[in-house]
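Engineer: My structure is below; once you've seen it, I'll send some questions.
The values are calculated or read from the model by the stated rules, or taken from the named source; none is laboratory data. Source: prediction; values computed, not measured. With ideal geometry, Cβ positions are generated from the backbone for all residues, glycine too; neighbour counts draw on all protein chains shown. Surface accessibility is based on the protein's heavy atoms, side chains included, excluding ligands, DNA and RNA. Shrake-Rupley method; radii C 1.70, N 1.55, O 1.52, S 1.80 Å.
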Amino acid sequence: MAQNKIMVLHGPNLNLLGEREPGIYGRLSLSRIDRMLKEEGLALGVAVDCHQSNGEGELVDHIQGARRRYQGILINPAALTHYSYSLRDALVAVELPVIEVHLSNIFAREQFRHHSVISPVAEGIICGLGPESYRLGLQALVKILEVSKRD
Ligand code: DQA
């Protein structure tokens, strides 16, 4: 049976992880998080590809490209979480299971971060656990794929 493939997407400014507001986002760089996810993928038996972009359009292009090539999407939409209808529409369009993750607890921060336009179209959301949010998100996505294969 072909191996499942998961696309990991990181939104704007996440390329600065490690340097950007370390008190909130931690000291781990994005490449370390990507490496951790690839290793976790290996242990879980899925292939993991990671992309980061500061551009909304480029992220939409990645999502559209995931159709038929990937079985699920793990996304930290960063600030786009709070207002990007184009990202939300793209995620709906590709009809893949989506898990939304955030390093910080968006509900314990400024009011504008409490609302996500992405959550209603995601299978689930994990936030506030630093890089562990990503790892748990990947595990959840793999579980969802296993269950949907059985059904
Ligand atoms: C974030 C939370 C967002 O509100 C913020 O704009 C980010 C990162 C997080 O991972 O905690 O850039 O998605």
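Engineer: What's the Cα-based Rg to Rh of region 41-129, Rh via Kirkwood?
Structural biologist: 0.96
Engineer: Ranked by accessible surface with a 1.4 Å probe, highest first, in what order do 7, 36 come?
Structural biologist: 36, 7
Engineer: Moving to a separate point now. Students sometimes get this wrong: rank 9, 28 by accessible area, probe 1.4 Å, all chains present, largest first.
Structural biologist: 28, 9
Engineer: Please give the contour-minus-distance gain from residue 114 to residue 58: 0.36 nm per residue of separation, less the Cα-Cα distance, rounded to one decimal in nm.
Structural biologist: Residue separation times 0.36 nm, minus the Cα-Cα distance, leaves 17.7 nm.
Engineer: Could you sort 146, 95 by accessible area so the largest value comes first, with the probe set to 1.4 Å?
Structural biologist: 95, 146
Engineer: To the nearest 20 debye, what charge dipole does the chain have about its Cα centre, counting +1 at the Cβ of each Lys and Arg and -1 at the Cβ of each Asp and Glu?
Structural biologist: 280 debye
Engineer: Let's test the formula: R0 of 30 Å, r as the Cβ-Cβ distance of residue 29 and residue 150. What FRET efficiency results, to the nearest 0.05? Please report the intermediate quantities before stating the final value.
Structural biologist: Details: r = 37 Å, r/R0 = 1.24.
My answer for the efficiency is 0.20.
Engineer: Here's another thing I want to ask about it. May I ask which residue of 66, 42, 142 lies farthest towards the positive end of the charge dipole of the chain, with charges of +1 (Lys, Arg) and -1 (Asp, Glu) on Cβ and the Cα centre as origin?
Structural biologist: Farthest towards the positive end: 42.
Engineer: Convex hull volume of the Cα atoms in the chain, per residue, in Å³?
Structural biologist: 99 Å³
Engineer: I would also like to ask the following. For the chain, report the accessible area per residue in Å² (1.4 Å probe, heavy atoms, rounded to an integer). Let's see the in-between values first.
Structural biologist: Details: 7640 Å² over 151 residues.
Roughly 51 Å² per residue, with all protein chains present.
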